[in-house]
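What follows is a short report on a single structure.
Nothing in this text is a laboratory measurement; each read-out follows from the coordinates by a stated rule. Since the model is a prediction, treat every value here as computed from it, not as a measurement. Heads up, the Cβs are rebuilt from the backbone with ideal geometry, glycines too, and the neighbour counts pull from every protein chain shown.
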Amino acid sequence: MNFVVSPGEVRAAFGLTGVIYFPRHSAAHHQLDGRATLLLSSVGLPDTAWFMSRAGLHADDPVLLSERYAEGTVPEGSRDWLVLGMFADTPLALAPDTGTVYALGAGETQLSCTALHRDVESLVHSLTKFQILQQELEAGGDEDREGRVDALRAEITEFDPLPFASEDSQWHLTFEEVIDGIW
């Protein structure tokens, strides 16, 4: 199965210690589709200071949203979602039935769940492209920072429009910080 980003590209961007691989599970209750499972076990999920994969969180932290958050705070349809990690201090969860990646936020009485990526492939693609841009900027390629960030935003949006669909999305805020030189 081919993905938009290869295992080699992810390892080249994040290094050998910056990629976490997840074993495949064949338990009867396992709901994750085959494509997401294959990506997580063969391409992997980045693990950095700005994106901590599930494996980068505390080992005893629950994986299911319903086990991680207080009863009544998790919306009914998201109780079995899986915690993927933290992106710039925002928890991300995977809906195993649809494959969609959601950003979680504090709501008035329940978690707010905003679709951030159509699937894990889109998340890994975006994280990898963003890491490459960061490395180029750090290496002195700071000329036309705004143009380069806008070009990457367009590339990510072409593959999946969800990351920048909302002005309040974590991706949008992160890219604005890169333009401002904070990252």
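Structure above, values below:
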quantity: Test: residue in segment 147-159 that is part of a loop (DSSP other than H, G, I, E, B), of a type in the set (Asp, Glu) and either without any contact (Cβ under 8 Å) to a residue 24 or more places away in the chain or loosely packed, with under 15 Cβ neighbours inside 10 Å (or both); calculated: no
quantity: Residue pairs meeting the criteria (Cβ under 6 Å; at least 6 apart or on separate chains; first buried (at least 19 other Cβ atoms within 10 Å of the Cβ), in segment 93-118; second small (Gly, Ala, Ser)); calculated: Thr100/Ala115; Tyr102/Ala93; Tyr102/Ala115; Leu104/Ala93; Cys113/Ser78; Leu116/Ala103
quantity: Segment 166-183, residues that are among the hydrophobic types (A, V, I, L, M, F, W, C) and either part of a helix (DSSP H, G or I) or free of Cβ contacts under 8 Å to residues at least 12 places away in the same chain (or both); calculated: Trp171, Leu173, Phe175, Val178, Ile179, Ile182
quantity: Selection from segment 163-182 of residues that are crowded, with 18+ Cβ neighbours inside 10 Å and either more than 28 Å from Ser42 (Cβ to Cβ) or touching a helix residue (DSSP H, G or I) at 6+ places or on another chain (Cβ under 7 Å) (or both); calculated: Pro163, Ser169, Trp171, Phe175, Val178
